[in-house]
Amino acid sequence: MEAVESRRQGLVLIHTGPGKGKTTAALGVAMRALGCGMRVLVLQFLKGSWDYGELHVSEGFGGRFQIRQLGRGFVKVGGAETDPEDLRLVAEGWAEAVREIDSGTWDVVVLDEILYAISYGMLEAEAVAAALRDRPPLLHVMLTGRNAHPALVELADTVTEMREVKHAYTRGILAQRGIEF
Ligand code: ATP
Ligand code: MG
């Protein structure tokens, strides 16, 4: 057991790409980590208005699992069109993420959809990279969203790109409760 413990180290994992499964896979890791007795925090950037099923799971874990939405659920982006309120929410969310990463409270921190905020120019990749480099050494951090910034791909230990083979949405099937949200 001691040998296993001494090999323990914190990882940075990225789920990116256009196919479905980035958030789903992060929640799968969260479930696995919780089963191992670990403490897991999920911070969802940009999300806010939808009633995601995962928001209702935390009861029963005695504070070991928390999930917080940091956005409004709909973001208008592109140059001058970016709403200052969305920028403010991302900045505030990022400050909260840094506090939580440095707090020593968690074994796993998921920064869900943060890669969108970065690719939309709402958050500096370098600031995120610096916080990840300086994090507690045993902390695992997962980042999700399309268009992962190259600096973060470089820094990450494990990077997975979801590829779309098919998605029900392209046949006009709307998001299904329990599968998409
Ligand atoms: P999920 O939360 O289902 O794992 P995701 O995190 O990979 O999806 P996001 O970019 O965060 O994908 O988009 C979230 C929503 O968009 C989900 O409802 C998801 O099913 C849907 N979605 C993901 N990929 C596609 C796609 N290629 N085409 C259409 N809709 C998609
Ligand atoms: Mg997602």
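The values are calculated or read from the model by the stated rules, or taken from the named source; none is laboratory data. The structure displayed is predicted, hence computed values, not measured ones. Positions of Cβ are generated from backbone atoms using ideal geometry, with glycine treated the same way; all protein chains shown enter the neighbour counts.
So for region 75-87 (the condition being within 13 Å of the chain's Cα centre (by Cα), buried (at least 19 other Cβ atoms within 10 Å of the Cβ) and modelled with pLDDT of 90 or more), does at least one residue qualify? Looking through region 75-87, none of the residues is within 13 Å of the chain's Cα centre (by Cα), buried (at least 19 other Cβ atoms within 10 Å of the Cβ) and modelled with pLDDT of 90 or more. The sole residue among G28, G48, G53 that is within 15 Å of the chain's Cα centre (by Cα), more than 22 Å from R133 (Cβ to Cβ) and surrounded by 12 or more Cβ atoms within 10 Å (Cβ to Cβ) is G48.
Residue-wise test of (1) closer than 19 Å to E124 by Cα; (2) in contact with a His (Cβ under 8 Å, 6 or more places away or on another chain); (3) touching a residue at least 60 places away in the same chain (Cβ under 8 Å).
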{"position": "L46", "(1), (2), (3)": "yes, no, yes"}
{"position": "E54", "(1), (2), (3)": "no, no, no"}
{"position": "G60", "(1), (2), (3)": "no, no, no"}
{"position": "Q66", "(1), (2), (3)": "no, no, no"}
{"position": "D86", "(1), (2), (3)": "yes, no, no"}
{"position": "A91", "(1), (2), (3)": "yes, no, no"}
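Among residues that are within 16 Å of ligand 1 (Cβ to nearest atom), under 18 Å from L155 (Cβ atoms) and touching a residue at least 24 places away in the same chain (Cβ under 8 Å), I118 is included.
Determine whether R146 is outside any helix (DSSP H, G or I), out of contact with any Leu (no Cβ under 8 Å at 6 or more places or on another chain) and surrounded by fewer than 19 Cβ atoms within 10 Å (Cβ to Cβ). Judged against the criteria, R146 is not a match. If you go through region 168-175 one residue at a time, do you hit one that is outside any helix (DSSP H, G or I), within 12 Å of ligand 1 (Cβ to nearest atom) and surrounded by 13 or more Cβ atoms within 10 Å (Cβ to Cβ)? No, there is no match, as no residue in region 168-175 is outside any helix (DSSP H, G or I), within 12 Å of ligand 1 (Cβ to nearest atom) and surrounded by 13 or more Cβ atoms within 10 Å (Cβ to Cβ).
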